[in-house]
Amino acid sequence: MAPTKVLTGARVVLPTGTVDGGSVTVEGTRIASTAPGASPSPVEGAAQTVDLRGHWLVPGFVDIHNHGGGGVSFAGGTAEDVLQGVHTHLRHGTTTVVASAVTGDLDFLARHAGMLAELAQQGDIAGIHFEGPFISPCRKGAHDESLLRDPDPAEVRKLIDAAHGHARMMTLATELPGGLDSVRLLVEHGVIAAVGHTDATYEQTVAAVDAGATVATHLFNAMPPLGHRAPGPIAALLEDERVTVELINDGTHLHPAALQLAFHHAGRDRVAFITDAMDAAGFGDGRYMLGPMEVEVADGVARLVEGGSIAGSTLTLDRAFKRAATVDGLPVEDVVAAVSANPARLLGLDDRVGSLEPGKDADLVVLDDAFELVGVMRKGEWAVAPQLA
């Protein structure tokens, strides 16, 4: 059994607030205890002690919308590819990740879901998110329009079944024929219904939430802008306390004022930072495939070769965290809620991950005083060991 680890002296972000000079004790794969001050000296030889003075200790990040990274795709790659992408994001602090598919042929999506379900069964990913093909051609973004279709409940059920109990979320344009019935079907099967890539009106979006939709897929992006006479989906999704709103905080997808607007109206408990990452995340500029669509990444911004639409992101959650705490000036506790606690609760995994509490998985991230990542632990093992003076 791995020796007990005592992480001491950090600014520890707990559900009750930040503790200066706190400590976390890890036994095996779990958090054994947290303390407001330095832990008592462990029995000699029985523990590893890491002095984290001058650092932040926060929960591991939870990404509910991620298409890949490290040069490989969750949407079409092999199991080995998916594991490589998971490892890339792990090294950037994401200890729990949902693998997102993109629009494709229905039979292919079903086969691919079967492979992803095996990885979910093994605990390598936290489940599957289907983004498309049941989305609006008016707001398709980087999805192949020729493969889009209305959300037929029978076809939605086919994908749910193909995921063998590991479908976590599906993004729908709920205003399309079959949209509301598909939302109800997803809810019946314990799958999160998300409104996104939608051309819905305010009233149609309200109807979707009343039917059971609880997530706004990358709020503001791939939906009508907020209007004073036709407020559209943004107003409906922000105002309803049943909805968690995804935000891509990379400085490209959202103006800082839009992010502040979302936090002001939704509050810290209803925002989830996501990456919407594609293959280039953690890898570099160049040409990639996002499903069947070719993407050019230049200066870290991904756009379709044909048409120039933004095509996902190259974001990692450590960068989203740093930007939120520095450029956006959000309280660190609010950032932790957005990258850890809220998405974990949304997935129904908050009994195991999302906060630093005794009994939960020892998933944690160490940041320096400039919010640069210096350490990552997953289930009690260092994926990135902090190199401290």
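Data table
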| read-out | value |
| --- | --- |
| Condition broken by VAL271, with the remaining ones in (1) under 17 Å from the mean Cα position of the chain (by Cα); (2) surrounded by fewer than 20 Cβ atoms within 10 Å (Cβ to Cβ) satisfied | (2) |
| Strands (runs of 3 or more DSSP E) fully within region 252-316 counting 2 or more residues that are more than 23 Å from GLY93 (Cβ to Cβ) and in the same structural domain as VAL102 (by TED's automatic domain parsing) | 286-290, 293-298, 301-304 |
| Only one of ASP299, ASP285, ASP368, ASP318 that is at pLDDT 95 or above and over 13 Å from the mean Cα position of the chain (by Cα) | ASP368 |
| Filtered residues of region 114-130 (kept if of a type in the set (Asp, Glu) and within 13 Å of VAL156 (Cβ to Cβ)) | none |
| Residue identified as of a type in the set (A, V, I, L, M, F, W, C), at negative phi and part of a strand (DSSP E or B) among VAL335, VAL353, VAL339, VAL374 | VAL374 |
| Subset tally (residues that are assigned to a loop (DSSP other than H, G, I, E, B) and under 21 Å from ASP276 (Cα atoms)) for region 158-192 | 5 |
| Within region 316-346, tally of residues that are among the charged types (D, E, K, R) and in contact with a His (Cβ under 8 Å, 6 or more places away or on another chain) | 2 |
| Odd one out for SER39, checked against (1) within 27 Å of the chain's Cα centre (by Cα); (2) modelled with pLDDT under 95 | (1) |
| Yes/no for THR205 being farther than 18 Å from ALA99 by Cβ and among the hydroxyl-bearing types (Ser, Thr, Tyr) | yes |
| Which numbered condition GLY312 fails, given (1) at negative phi; (2) small (Gly, Ala, Ser); (3) under 16 Å from the mean Cα position of the chain (by Cα) | (1) |
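The values are calculated or read from the model by the stated rules, or taken from the named source; none is laboratory data. These numbers come from a predicted model, not from an experiment. Every residue, glycine as well, gets a Cβ built from its backbone with ideal geometry; the counts of neighbours run over all protein chains shown.
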